[in-house]
């Protein structure tokens with residue numbers, strides 16, 4: 001099957017359709033001192049072809065990337081398995097212009113979406129340092145079946161039969177969700193809420209939806225720690241990210257889903273989440289939180305959330321969902 005070529009004029013066009021001048025180094029990338037020029041790098045079902053300057057799927061179809069995002073990917077691919085510092089990327093890819101680190105964050109998000117299901121694990125963020133692209137060969141040498149893989153596989157088997165709960169959250173992945181901005185999943189511990197959120201994250205990744213995913217039990221119950229956790233999952237480079245920073249990153253990366261597991265661990269900080277964090281997020285973001293307890297009246301009677309929240313009871317197997325009786329289901 002013939003390989004589809006990228007039209008140079010189309011690839012180098014800027015947002016307004018006018019040509020975007022690429023960095024001076026773009027031609028020198030063809031002959032890197034590492035000796036990796038002219039080869040292909042395999043990442044899951046994607047192929048980074050350094051000779052033909054394009055990202056392909058296994059059928060030979062070009063996966064579109066904006067010019068700067070492609071140059072970042074190419075630079076990382078030529079240094080696959082090695083740490084590339086953020087300043088090095090900025091100096092090389094944006095050598096001809098003055099930009100903030102948000103431009104790099106956006107490019108990394110674009111690349112992860114283009115790489116598909118393996119994007120998050122193959123393109124790794126090393127906090128406060130930079131990024132590392134891990135091709136299949138490197139990952140196969142360094143990653144076998146670990147404890148987490150085995151436990152996740154067992155959890156997945158226990159999750160069979162939860163189709164109705166997944167269906168409840170389908171609209172969280174839709175562009176329009178009928179006015180529902182917040183989904184509050186609650187139920188006893190150990191019945192699969194975490195697995196539900198993990199499945200939702202995977203479905204979002206498969207659909208090309210940028211998703212931020214955090215576990216409240218793995219951090220201090222403070223606004224600062226929560227913001228830092230979201231910033232880390234969004235691959236923000238700033239070490240002291242603010243609420244404004246993560247909102248800007250969500251907008252630039254088109255993040256449309258925020259998952260918060262173990263929400264009960266937030267304690268009193270849940271009030272800050274309700275009053276400050278969630279209302280500040282970009283309008284396209286849907287939020288799914290999971291915890292043992294149903295939301296109290298501070299949530300269900302809130303002037304903002306009373307018409308924008310759906311409660312989903314996650315029952316034990318064999319017990320019919322009683323969501324409408326034990327938790328006010330608003331916007332259902």
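Do you know which residues across the range 251-260 are in a helix (DSSP H, G or I) and crowded, with 22+ Cβ neighbours inside 10 Å? Steps first, please.
Let us first name the residues in the range 251-260 that are in a helix (DSSP H, G or I), namely 251-253.
Residue satisfying the conditions is 253 alone.
Which of the numbered conditions does residue 121 fail, given that it passes all the others? Conditions: (1) modelled with pLDDT of 85 or more; (2) part of a helix (DSSP H, G or I).
Among (1) modelled with pLDDT of 85 or more; (2) part of a helix (DSSP H, G or I), residue 121 violates only (1).
Going by what's in this entry, would residue 248 be described as closer than 15 Å to residue 104 by Cβ, outside the structural domain of residue 109 (by TED's automatic domain parsing) and buried (at least 22 other Cβ atoms within 10 Å of the Cβ)? Full working, then the answer.
Values: closer than 15 Å to residue 104 by Cβ: yes; outside the structural domain of residue 109 (by TED's automatic domain parsing): yes; buried (at least 22 other Cβ atoms within 10 Å of the Cβ): no.
No; evaluated as a whole, the condition is false for this residue.
Condition (residue is surrounded by 13 or more Cβ atoms within 10 Å (Cβ to Cβ) and at pLDDT 85 or above) applied to the range 33-41: is it met by at least one residue?
The answer is yes; a qualifying residue exists.
Go through the range 43-64 and report how many residues are outside any loop (DSSP other than H, G, I, E, B) and within 24 Å of the chain's Cα centre (by Cα).
Taking the range 43-64 as the starting set, the residues that turn out to be outside any loop (DSSP other than H, G, I, E, B) are 43, 46-49, 54-57, 62.
Keeping just the survivors that are within 24 Å of the chain's Cα centre (by Cα) gives 43, 46-48, 54-57, 62.
Residues that pass the stated criteria total 9.
What are the residues in the range 79-102 that are at pLDDT below 85 and either in a helix (DSSP H, G or I) or in contact with a strand residue (DSSP E or B) (Cβ under 9 Å, 6 or more places away or on another chain) (or both), if any?
Residues satisfying the conditions are 81, 101, 102.
Looking at the range 261-307 only, could you name the residues that are under 13 Å from residue 226 (Cα atoms), in a helix (DSSP H, G or I) and out of contact with any helix residue (DSSP H, G or I) (no Cβ under 8 Å at 6 or more places or on another chain)?
278 - this is the single residue of the range 261-307 that is under 13 Å from residue 226 (Cα atoms), in a helix (DSSP H, G or I) and out of contact with any helix residue (DSSP H, G or I) (no Cβ under 8 Å at 6 or more places or on another chain).
The values are calculated or read from the model by the stated rules, or taken from the named source; none is laboratory data. If you're wondering where the values come from, they're calculated on a predicted model, not measured in any experiment. As a convention, Cβ positions derive from the backbone with ideal geometry for all residues, glycine included, and neighbour counts pool all protein chains shown.
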